[in-house]
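Here is the structure we will look at, set down as structure tokens.
The values are calculated or read from the model by the stated rules, or taken from the named source; none is laboratory data. Predicted, not measured: the structure shown is a model, and the values here were computed from it. Methodologically, a virtual Cβ is constructed for each residue, glycine included, from the backbone with ideal geometry; neighbour enumeration extends over all protein chains shown. Calculation scope for accessible area: heavy atoms of the full protein, side chains included, ligands and nucleic acids excluded. Shrake-Rupley method; radii C 1.70, N 1.55, O 1.52, S 1.80 Å.
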Amino acid sequence: MFHSLERSISRAVANHLSTVFSVDAPVTTEQPKQSSFGELALPVAFQLARQLRKAPPLIARELADGLAGKIEGVAALEVASGYLNVRFDRGWFARRILDGIDAEAGPGASGKTIVEHTNINPNKAAHIGHLRNAILGDTFVRMMRAQGVSVEVQNYIDNTGVQVADVVAGFHFVEKKSPAEVAALARQPRFDYYCWDLYSRVAQMEQVKGWRAETLHSIESGEGELAAMGHVVADAIVDCHLNTMLRLGIEYDVLPRESEILHLKFWASCFEQLKARKAIYLETEGKNAGCWVMPGAAFKENAAEEDSKVIVRSNGTVTYVGKDIAYQLWKFGLLGKDFFYRQLRAYPDGHPCYVSQSSAEGAETVSFGGGESVYNVIDSRQSYLQDVVAAGLRALGYPDQARRSVHFSYEMVALSPRTCVELGLELSEEDKAKSYVEMSGRKGLGVKADDLIDQLIERARIEVDSRHADQDAGSRAGVAAAIAVGALRYFLLKFTRTSVIAFDLQEALSFEGETGPYVQYAAVRARNILRKVGDLPDFRAALSEETLREVLATEDLWQLLLDISRLDSVLAAAVSSGEPAALAKYAFQLAQAFSRFYHDYRVLDEPDAGRRNVLIWMTEHFARQLERTLHMLGIAVPEYM
RNA sequence: GCACCUGUAGCUCAGUUGGAUAGAGCAUCUGGCUUCGAACCAGAGGGCCGGGGGUUCGAGUCCCUCCGGGUGCACCA
């Protein structure tokens, strides 16, 4: 509601400017520093002062007089230090919300948006860095879907890369296990933990390079026992990852796999296009002689000769970036090739998750890719490579798609020194000197996602048990799980994407202050009130505009209603800036506002019937909007807390 | 060397396309449970927004410069 009134006011002012002053200027609105100034502040007079050769207060005054009483929903226009401040008609505003009249137009019916996130190498357990990626991506997806955008979620699986090869080498060369033994092991719980340890052991061994080469060769040819083992390992680990992510409410539509990109020769098509468009050329001299390279000028300003990027090595094999360009083309439906698919699993909510396969045999008739815009959730360290991929699209003659290829980047999750000590992690002298320590799969340095979730559940369980011993164990476990997920998701979402998270276990395990559980608690309290009210009155019949205006004359009640109504405005800003943290922040602030309301007003004890109805309506409206917000954040509201 | 990110309260971080008196959580101190349960609320202290220059009616926000952190710049993925 806030959003639409905001826009209609800004339109009305713009029209007035155009007809009366004959100037066309964009009219921006902002939130006044103090709520006593009204609901909206327009700095428009400052912007026009020079053009109109008039002092800002005079312009604002003329606007206020000229527009007085002419904008629906506006009670007053005031001038203060050059600003044009707007006061809403509180009764009108509340009644419109109550009637559900809110012409919120979403971004409009456009094509499909593809979001790729998670993308964990299937050779070890997921750690908290992977969680930041997945939670960021999943939340962004939920936010866009809430706006009515059609979104497809992809999780790319590099099941033929060096990381998988290293683990396979570990099984074969170090542990001397047969494929059958590995297959048996892969069926055991926490196989991903086993591989975590094995991988860090193998990756640090002298002989790894030779083993890796031999294993990779086998995997790429698709023949031999090592290749078979590679599939067993990768498939089992992918299963572990999907389970871990499901604990956090994260689901995928499709898992495109590297193995199919190889078998279906996606690269060959891409290579032909790149050559035909002269986006790459065969280098004949210098250090890159014999390689197909993309000139540095394609993705970098003032590029020198040495900035060229090798796409095809002199031995004829394609680099990672080359494959990524092919994959990106496929995402936009520009490759001229497609995968086949089979269903990998059905989530408990019935939603299916598909995986790519290389032949039509047994394939299901579903279709993925061909998006209009693509968001790749990848950490900021890969921005150079993402630039090269976008440059590839441009060079192929797809400037629009290049523009709609968004590198949704974020900074890494590192570990605070205190947490490293708590976890008993061995640190090098170099690491000890730093303010945070980067995680490393190779070194086995990191906090595993499932361990953290388990710890959070354990902690939540203690709190729940101490407060609700009367509830049965199954119910308490469910509540504890919801709280744990709320704490974790909020913790990883409250930082903006550009901020490095120095993960601190004690902070992450906290349920007080700016945390997920705090927000959940506010929602639970609202639900508790509503439960005790029982059957809700028919608000539309019970609450006249007059009653609403009367009750909302109380400043803090009005401020709460305003905060509640700001959701769409905040969501729009959070989506367009690609910053889920903005929505998380809003959820917290809204919860704070309600907590104060909860403390200051006794809804059930309110003697005046009309006023009581307004308070109940506000509580109900708050609960709905906060639940909507939490749903976008992937945080559930427990039955009790 | 070049490119990108970053420096805001003791700590961890917000701060809308430049706007009115710079905010929150944690920590510290002080108060508040009579079941809409305190995973809460109220209050206090705590800031030359890294330094300097510039643009502007107006700068935490934009530009330049210096200082301090981080990341990237492979025929690795």
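Values as computed for the structure displayed
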read-out	value
Count of the stretch A:223-253 residues which are touching a Leu at 6+ places or on another chain (Cβ under 8 Å) and not aliphatic (A, V, I, L, M)	1
From A:532, A:494, residue being closer than 20 Å to residue A:587 by Cα and near RNA strand B (Cβ under 9 Å from one of its atoms)	A:494
Conditions (1) in contact (Cβ under 8 Å) with a residue 60 or more places away in the chain; (2) farther than 30 Å from residue A:214 by Cβ: number failed by residue A:150	(1)
Filtered residue count, the stretch A:602-634, keeping only those that are within 13 Å of RNA strand B (Cβ to nearest atom) and closer than 24 Å to residue A:494 by Cα	2
Within the stretch A:568-601, considering residues that are of a type in the set (Ser, Thr, Tyr) and under 28 Å from residue A:496 (Cα atoms), the one nearest to RNA strand B (Cβ to nearest atom)	A:595
Test: residue A:214 is assigned by TED's automatic domain parsing to the domain that holds residue A:126 and in contact (Cβ under 8 Å) with a residue 24 or more places away in the chain	no
Failed item, numbered, when residue A:521 is tested on (1) of a type in the set (Ser, Thr, Tyr); (2) more than 10 Å from RNA strand B (Cβ to nearest atom); (3) over 22 Å from the mean Cα position of the chain (by Cα)	(2)
Residue ID - nearest to residue A:263 (Cα to Cα), chosen from residues in the stretch A:192-223 that are crowded, with 22+ Cβ neighbours inside 10 Å and among the β-branched types (Val, Ile, Thr)	A:219
Residues that are within 9 Å of RNA strand B (Cβ to nearest atom), touching a helix residue (DSSP H, G or I) at 6+ places or on another chain (Cβ under 8 Å) and either of a type outside the set (Ser, Thr, Tyr) or open to solvent by less than 30 Å² (accessible area, probe 1.4 Å) (or both), drawn from the stretch A:3-42	A:26, A:40, A:42
Residue match in the stretch A:444-466 (condition: in the same structural domain as residue A:488 (by TED's automatic domain parsing), within 12 Å of RNA strand B (Cβ to nearest atom), surrounded by 19 or more Cβ atoms within 10 Å (Cβ to Cβ) and at pLDDT below 95)	no
Residue among A:406, A:389, A:413, A:355 that is open to solvent by less than 60 Å² (accessible area, probe 1.4 Å), touching a residue at least 12 places away in the same chain (Cβ under 8 Å), among the β-branched types (Val, Ile, Thr) and farther than 27 Å from residue A:580 by Cα	A:355
The lone exception for residue A:77 - which of (1) touching a residue at least 24 places away in the same chain (Cβ under 8 Å); (2) in contact with a strand residue (DSSP E or B) (Cβ under 8 Å, 6 or more places away or on another chain); (3) closer than 30 Å to residue A:554 by Cβ it fails	(1)
Checking residue A:306 against (1) touching a Ser or Thr at 6+ places or on another chain (Cβ under 8 Å); (2) in a helix (DSSP H, G or I), the condition it does not meet	(1)
From A:296, A:316, A:333, A:322, residue being among the small types (Gly, Ala, Ser) and more than 13 Å from RNA strand B (Cβ to nearest atom)	A:333
